[in-house]
Each structure stands twice: as structure tokens, then as C-alpha cells.
Amino acid sequence: MSRTIDLTLKVWRQKGHGVKGRLDTYAARGISTDMSFLEMLDVVNEELTLADKEPIAFDSDCREGICGQCGCVVNGRAHGPEKGTTLCQLHMRHFSNGDTLVIEPFRARAFKVVKDLVIDRSAFDHIIQAGGYISANTGGAPDANAIPIPADTAELAMDAAACIGCGACVAACPNASAMLFVGAKVSHLGLLPQGKPEAARRALAMVRKMDELCFGNCSNERECEAECPKEISITNIARLNREFFKAGFFSAEK
Ligand code: SF4
Ligand code: FES
């Protein structure tokens, strides 16, 4: 049954990268428990706008858990307290009347704060540009099922392909590592026959770019796996490590 709750929000406000930020306090009153977290922020922003105050900047696009644009840290948890849920799919029924919520951007050296809760995730784009693709020759589409793929392999590849590039894994990791993200990409491409010819070059190039962009390394904390809204398994990091070492020792790729 729908009900309303009142909350106190402590929201990170920061005008831009390199500018000192601070937590500001706002009251969120009469919030329907049927609302999503982002809709709750919309309500607060409407009140701020009507009061001639600067609305809270936050990112979103699909609001269906598929684009990876939303995301901030709520009471210390990336995407909030619900497992396997993006911030846009998090409903206010998971909070109680009178709760205080501390809302901060995803923090990592490679993710600069653009404004308030908005971060620059273009470092992920640079990692994808380095190798997160397959090269396909032009020509007619191949016949369906021309390349048989075992069902178990297809399932593993599809599970890894569920990564939406939100960056929660980086924000949750004490080393700000992007290994879960890169592991997911290397797995979903490298497990399939179409991705195998470039597997060695891909693993080397993506890891090199990740290091260059100041992401940390994995030290098996598993915070990334716990906070990932798509529940990407840490076994993808093990696969990335195997691909990386195999490429370094046994391939001609540099
Ligand atoms: S691995 Fe999970 S947390 Fe990391 S970018 Fe992909 S979906 Fe987001
Ligand atoms: S807005 Fe697209 S995943 Fe949340």
C-alpha cells in the first residue's frame, strides 16, 4: 500500500572539479514510497527551483536500469542499500520515515566530479576504445547458427555482457579498481568465437589503458561484486588475469 515518508537528505554539493564541496542538508517531505530514488530527487529539485535555489545536479537517462548513467553513494553504498539494483530502480519503500540519507557522488581519481552528484565516466569510454570491441569485416550477414556456441559459454558471455558501465564497482573498491568492468568486457567478447582473434591484444590494451588512467589494482576485497547492480561475478576478474598473462607470455602482441 502506498504511503508517504519524510526524510532528511545530506547531499554533496560541488560546483565543479577542483572546487571545494560540502554536504548540504535538505528536507524531503511527503515522499511516496512508490517513487524511485531519482523521482524523490526530482521532487526535492522542484522545491529548490520554486524557492529560486540551485537544483541538485545528478545523472540519469533510461531510468530502467540499463544505461548506466545514474548512480551515487547512499549512506556509504554505491547505488544504495538494495542488492542488484541501480539507483533509478531503487524504490523509496526501502527507506523508513525519519531516515537521514547521506548522498555523495561515486568517488575515484579517474572519475572527476562535474557537478554535485554528476561524475565524468569518460575514462571507461577510453578503456573501451582501447580494445572493448571486435573488428568485423563488412559483407553479408552470416547465416544464423553458422558458428555453433555451447549454451554454457553463451550464458557466461551474456552474464558478463550485462555490465552497464555505471562505475559502482570502482566507487566501491578501496583501490578504485576498474577490474570488474574490464573483466566483464574481456569476458563477454573473449568467450565467444567472434572475439577470440583479438583476445590477446584486447586484454593487453585494456589493462594498459586502465593503468594509464589511474585506476587501482584488484586486491580481492570483493566490494565491487557486492555493489554491482548487475551482479557481475568476480570470476570475470580471474578470467581477465588469465587472458592478460596468456597474452603477455604466449602471444606476439606487445
Ligand atoms: S561491473 Fe557492475 S558495477 Fe562495474 S560498471 Fe559494470 S555494471 Fe557497473
Ligand atoms: S538511469 Fe539508466 S541505469 Fe539508471
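FYI, it's all coordinate maths here, none of it is from the lab. Predicted model only: the values in this text are computed from it and were never measured. Ideal geometry is used to build each Cβ from the backbone, glycine not excepted, and the neighbour counts take in all protein chains shown.
The figures follow:
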item: Above-threshold pairs, the threshold being 30 Å between Cα atoms, out of LYS20/LYS83; LYS20/LYS53; LYS112/LYS230; LYS53/LYS112; LYS115/LYS230; result: LYS20/LYS83
item: ALA238 paired with ALA51, simple spin-label distance in nm, labels 7 Å along Cα-to-beta-carbon; result: 5.2
item: Cα gyration tensor, the chain - rounded (a/c under 1.5), prolate or oblate; result: prolate
item: The stretch 140-254, relative contact order in percent, only Cα pairs under 8 angstrom and at least six apart counted; result: 34
item: FRET efficiency estimate (nearest 0.05) - Cβ-Cβ, SER32 to ARG77, R0 25 angstrom; result: 0.70
item: Overall form of the stretch 165-254 per C-alpha gyration tensor (a/c, 1.5; a/b vs b/c); result: prolate
item: Cα gyration tensor shape for the stretch 1-115, rounded if a/c is under 1.5, else prolate or oblate; result: oblate
